[in-house]
1. Where a Cα-Cα gap under 14 Å defines reach, which aspartates and glutamates qualify for B:Lys152, not counting those fewer than 8 residues away within the same chain?
2. Compute the angle between helix B:110-119 and the longest alpha-carbon principal axis of chain B, please, reported from 0 to 90 degrees and rounded to the nearest 10.
3. In Å², rounded to the nearest 100, what is the total accessible surface buried by chains A and B against each other with a 1.4 Å probe?
4. Tell me the angle of helix A:317-335 to the major Cα principal axis of chain A, expressed in degrees between 0 and 90 and rounded to the nearest ten.
5. Hey, can you find the accessible area per residue of the protein assembly as shown for me, probe 1.4 Å, expressed in square angstrom?
6. Go ahead and set up a Gaussian network model of chain A, Cα springs under 10 Å, then flag whichever of A:Tyr112, A:Tyr234, A:Tyr65 fluctuates most.
7. Per residue, what volume in Å³ does the convex hull of the Cα atoms of the protein assembly as shown enclose?
8. Would you mind calculating the relative contact order of chain B from Cα pairs under 8 angstrom and at least 6 residues apart, reporting the percent as a whole number?
Amino acid sequence: MNAKSMVTILAVTYGFLGILPLFLGDSSIYMRILTMILIWSVVASCWDLIMGYAGIFSFGQVAFYVIGAYSSAILSVSLNVTPIVSIFMAGTITAIIGVIIGLPCLKLAGPYIALVTFAFQLALEPFLKGPLGKAIGSGGSRGIISVPPIHIFGMDFSSSELVPYFYLTLVLTLICSAVIVVILKSHWGTAFLALKDSEDFAASLGVSAFKYKLLVFAVTSFITGLFGALYVHYVGILSTRMLSMEVFTVLLIMIVVGGIGQYPGVVLGAVVTVTMNELLRPMGIYRLLIMGGMVVVIVLLLPDGVTGLIRKFSVFRMTKKRTEQLKHRNETHESSP
Amino acid sequence: MLKAINITKKFGALAAVDDLSFEVEEGQVFGIAGPNGAGKSTLYNLITGFYKYEGKIEFDGQNITGLPTHKIARLGISRTFQIPQIFESLTVEESVNLGGRFGSSGKYDSGYCDEMISFASLEQERSDKTDLLNLLGKKRLMIAAAMATKPKILMVDEPMAGLNALEIKQMTNLIKKINQDLNITVIIIEHFMKVLTELANPILVIENGSEICTGTPEEITSNPEVIACYLGDTHDA
Ligand SMILES: Nc1ncnc2c1ncn2[C@@H]1O[C@H](COP(=O)(O)OP(=O)(O)O)[C@@H](O)[C@H]1O
Ligand SMILES: [Mg+2]
């Protein structure tokens with residue numbers, strides 16, 4: 001997708017979400033849902049960047065989100081760092097841990113990267129609950145209560161101030177989305193795709209796999225950690241329950257619904273998935289079952305998610321025509337002596 | 001210009017390249033021949049830093065042994081692959097620009113990348129996704145992207161494999177032009193003796209990873225050992 005279509009889809013989607021508080025601002029339920037759409041859209045975007053573009057099957061994204069949350073909570077509670085500073089420090093800490101996790105992944109093939117990164121997520125819970133976690137201020141299995149809200153311009157941004165918090169999140173969402181678009185459309189983005197498609201050829205053309213793979217780990221874990229931190233100052237409490245499989249599953253559904261490697265499809269995926277998830281809440285235990293069924297249907301019918309659907313019907317007709325022209329040309333060429 | 005000194009690469013017990021030495025001089029089209037499994041592609045993988053090996057390779061007097069692949073590319077050695085490698089997610093233009101952006105030691109020169117696209121006759125396909133290209137197109141694209149790095153040596157691995165007679169002629173002309181018009185040293189691995197003897201001089205023949213002989217096309221085609229091991233059991237010539 002070209003930069004212009006990316007920016008258009010992002011502007012329309014986030015613009016639409018951005019005006020909704022004017023109508024729904026009084027409803028705390030709707031405001032919470034809108035806020036979570038923003039947060040999950042960014043976290044899922046990062047996952048799409050590393051998995052869909054760089055082709056690195058990192059399953060550690062939820063762990064990075066939780067590390068960001070814990071880092072900022074510990075910094076603000078134990079060390080009295082003001083939250084607007086601690087969220088960025090948390091992003092930086094998460095980026096450093098992301099690079100450390102990325103290092104062993106450089107030498108591993110796809111499925112093994114998924115295993116290593118997922119094992120990392122599994123190890124995080126006992127770490128945070130155990131004596132080591134307690135020593136750094138994780139609060140053990142009780143977690144951390146009374147994480148202070150973000151306080152800037154003489155205002156509190158927290159779950160008791162839903163509309164201001166939503167707009168603060170929106171600002172950071174827009175900044176991070178812009179960063180993602182710039183990365184994807186710069187030579188970094190091209191290098192990610194080239195390394196995914198053929199690491200050997202890319203390397204022989206001068207692309208350093210080492211540098212660009214670690215770069216994608218750094219960028220995605222920074223943003224993911226930042227949003228984990230942003231979230232913790234919103235809810236005010238934190239425990240290892242955040243590491244649940246459900247978060248992991250729902251994020252994955254967003255990417256599949258949006259289309260893997262079809263940014264900003266994943267943003268639409270987040271809107272659809274969070275909304276569905278809320279609508280299906282009365283269904284109780286059948287909710288995840290229905291969501292799962294939805295994923296199967298989408299994977300089978302729409303391998304490129306909703307982005308593929310949009311593409312089928314509109315702007316991309318031209319490209320398709322050209323594809324057919326070319327196929328025709330190649331066929332006639334191949335049949336000639 | 002490129003000098004291999006007693007290089008050996010073992011995969012387990014198998015020595016794919018076995019104590020091989022040779023020297024490529026500037027301006028040559030240096031041919032490499034040998035039966036399947038002789039170690040030709042492995043030799044390319046050693047030169048371009050994909051594997052560790054015993055021995056030493058020098059390029060322009062500099063020891064490049066142990067350097068990572070992307071650094072060797074920036075020093076001026078670029079290559080294509082026997083099994084076409086393309087970037088399915090990128091267009092032709094993006095793929096060639098990638099070479100120009102990352103592989104050349106100087107500043108990124110988009111004009112030169114454009115020239116390489118036309119040089120490889122890919123003008124019409126410039127904005128197409130690369131998986132739309134046919135086999136010849138893919139091979140041309142690998143060459144165009146490799147050339148965009150402004151190499152001093154271009155190494156091609158079985159560029160004629162799978163092509164028909166007309167396409168072989170076009171590919172032969174492209175390689176000739178790279179050597180003669182752009183003055184770039186070429187190393188070519190080729191199974192088709194007829195093509196190789198037309199293009200390359202000298203030619204190095206290897207079998208089981210070691211040298212059988214090196215010589216002019218006339219010398220190697222009349223060498224009884226070469227005929228026995230290579231021409232004897234294949235009828236490509
Ligand atoms: N990565 C590898 N691991 C193990 N064996 C390999 C590897 N690459 C090549 N070989 C073996 O090395 C020998 C030479 O292969 P290759 O260089 O591809 O031959 P050629 O290009 O001359 O046909 C073959 O026996 C092949 O099976
Ligand atoms: Mg080979």
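The values are calculated or read from the model by the stated rules, or taken from the named source; none is laboratory data. Quick caveat: nothing in here was measured; it's all calculated off a predicted structure. Methodologically, a virtual Cβ is constructed for each residue, glycine included, from the backbone with ideal geometry; neighbour enumeration extends over all protein chains shown. Just the protein is used for accessible areas: all its heavy atoms, side chains included, with ligands, DNA and RNA removed. Shrake-Rupley method; radii C 1.70, N 1.55, O 1.52, S 1.80 Å.
1. Hits, sequence-local ones excluded: B:Glu25, B:Glu26, B:Glu58, B:Asp60, B:Asp181.
2. That works out to roughly 60 degrees.
3. Summing both chains' loss of accessible area gives about 2500 Å².
4. 40
5. 43
6. Looking only at A:Tyr112, A:Tyr234, A:Tyr65, the biggest GNM fluctuation is shown by A:Tyr112.
7. Expressed per residue, the convex hull around the Cα atoms of the protein assembly as shown is 183 Å³.
8. Result for chain B is 26 percent.
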